[in-house]
1. Regarding the range 325-333, can at least one residue be identified that is surrounded by fewer than 17 Cβ atoms within 10 Å (Cβ to Cβ) and under 27 Å from residue 19 (Cα atoms)?
2. Do we have any residue at all in the range 97-113 that's in the same structural domain as residue 158 (by TED's automatic domain parsing), within 16 Å of residue 152 (Cα to Cα) and assigned to a strand (DSSP E or B)?
3. Mind checking which helices (runs of 4 or more DSSP H) fall wholly inside the range 199-286 and carry at least 2 residues that are closer than 20 Å to residue 316 by Cβ, within 12 Å of the ligand (Cβ to nearest atom) and in contact with a Cys (Cβ under 9 Å, 6 or more places away or on another chain)?
4. Just wondering, is there one or more residues in the range 26-40 that are open to solvent by less than 10 Å² (accessible area, probe 1.4 Å) and in contact with a Cys (Cβ under 7 Å, 6 or more places away or on another chain)?
5. Among 275, 313, which is farther than 25 Å from residue 217 by Cβ, more than 22 Å from the chain's Cα centre (by Cα) and exposed (fewer than 14 other Cβ atoms within 10 Å of the Cβ)?
6. Which residue is nearest to residue 24 (Cα to Cα), if the candidates are limited to the range 287-302 and must be touching a Pro at 6+ places or on another chain (Cβ under 8 Å) and away from the ligand (no atom under 16 Å from the Cβ)?
7. Could you list, in sequence order, all residues of the range 292-305 that are surrounded by 14 or more Cβ atoms within 10 Å (Cβ to Cβ) and without any contact (Cβ under 8 Å) to a residue 60 or more places away in the chain?
8. For the range 170-197, which residues satisfy the criterion of being assigned to a loop (DSSP other than H, G, I, E, B), at pLDDT 75 or above and within 14 Å of the ligand (Cβ to nearest atom)?
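The values are calculated or read from the model by the stated rules, or taken from the named source; none is laboratory data. What you are looking at is a predicted structure, and each value in this text was computed from that prediction instead of being measured. Note: ideal-geometry Cβ built from the backbone for every residue, glycine included; neighbour counts use all protein chains shown. Only protein heavy atoms, including side chains, enter the accessible area calculation; ligands, DNA and RNA are left aside. Shrake-Rupley method; radii C 1.70, N 1.55, O 1.52, S 1.80 Å.
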Amino acid sequence: MPEDTLPAQPGRWLWTCRAGFEPHLFEELAWAGASPRMLGEVLVESEKRPTEPPVFARTGIRVLASFPTDQTPEQLAEAIAARTAEAAPAGSLVLQAFLPDSPAGNRLADEADALLEAVRARLPADRLLEETWRAREASATLVELCVAPGVVMVGSVPAREALSLAPGGRQRMRRSGDSPSRAAMKLEEALVSLPFEPGRGEVCVDLGAAPGGWTQRLVARGARVIAVDPAKLMPELARQPRVEHVQESAFSYAPEEPADWLFCDMAWRPLEVAQLLAKWGRRGWATHLVANIKLPIKDKNPILVRVRHILTQDGGWQGLTMRQLYHDRDEVTVTAHRGL
Ligand SMILES: C[S@@+](CC[C@H](N)C(=O)[O-])C[C@H]1O[C@@H](n2cnc3c(N)ncnc32)[C@H](O)[C@@H]1O
């Protein structure tokens, strides 16, 4: 790992990941023939964007320019605005700044805020789209400033192709006055990436449901939930009429009728979980899948290759996405569907 952050080269892709996962991201990019280079903590660049989005990347941008931070903030903002206007001369822009999610990176929050405002002031106001959630439908270009120790890197990506619309892929789900569990936030973040969500009257099976963060979020959406877990659910859920708690192992459970959604957050070995999910796919027991795969193992990528194969080839799951989301720790989230 280089001591200082190295500047990314224009034309290459800049990726950021969870701290400590750089080797896994690097390996994925190398396996995809994308010639990666480690730039510093949580930052990796690559020659090209792989066809399959890297699992361990929170977000990725095509680098427009890198600037050393030894110039005045005004000079820096001027140069960034000029390069942005040159690279994206028309259309809506969503301008964001992110910090590498490391102790050294997170100390730069004030600098990043000031720089973002200074660049924003130098771009035509009528091109700046404030409602980030509209970026895809507005065919906007996402322009991100990565404010790292000693260097500011600027890159862009069409919003429709972006891995995340949150700055640096840090999709925070916490709402004020709300204290969901981390598990619940993982589910909320996974659902943000889907074109639709489980709704009123739909049947969801939640494997590994206890203590019930996911089940609670699904019930709040109006769904009926079959929560499968030998462990106990939170008392308020156990009393919920739209929740049925099946207190047995997910490996022995079989649904009485097909479900709309299969959720799985079981703390169990990844390949065995993948085989269980493949069984659900083969037997047509659910239409949509959202699963969190635990990876407390050193060689994560080889296991993920096998998980992907089991789910798609043995299970027939389609449209598979596999990502380490912001709220995921040593785990990744998979979404897929069958025969839509
Ligand atoms: C990370 S917790 C799930 C948290 C849950 N999604 C929530 O939001 O509260 C993992 C759960 O997997 C369950 N589990 C482990 N092996 C299981 C099995 N064979 N069948 C069903 N559940 C299992 C554990 O009992 C544990 O409650």
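1. yes
2. yes
3. 270-282
4. no
5. Residue meeting the stated conditions: 313.
6. 297
7. 293, 294, 295, 303
8. 173, 181
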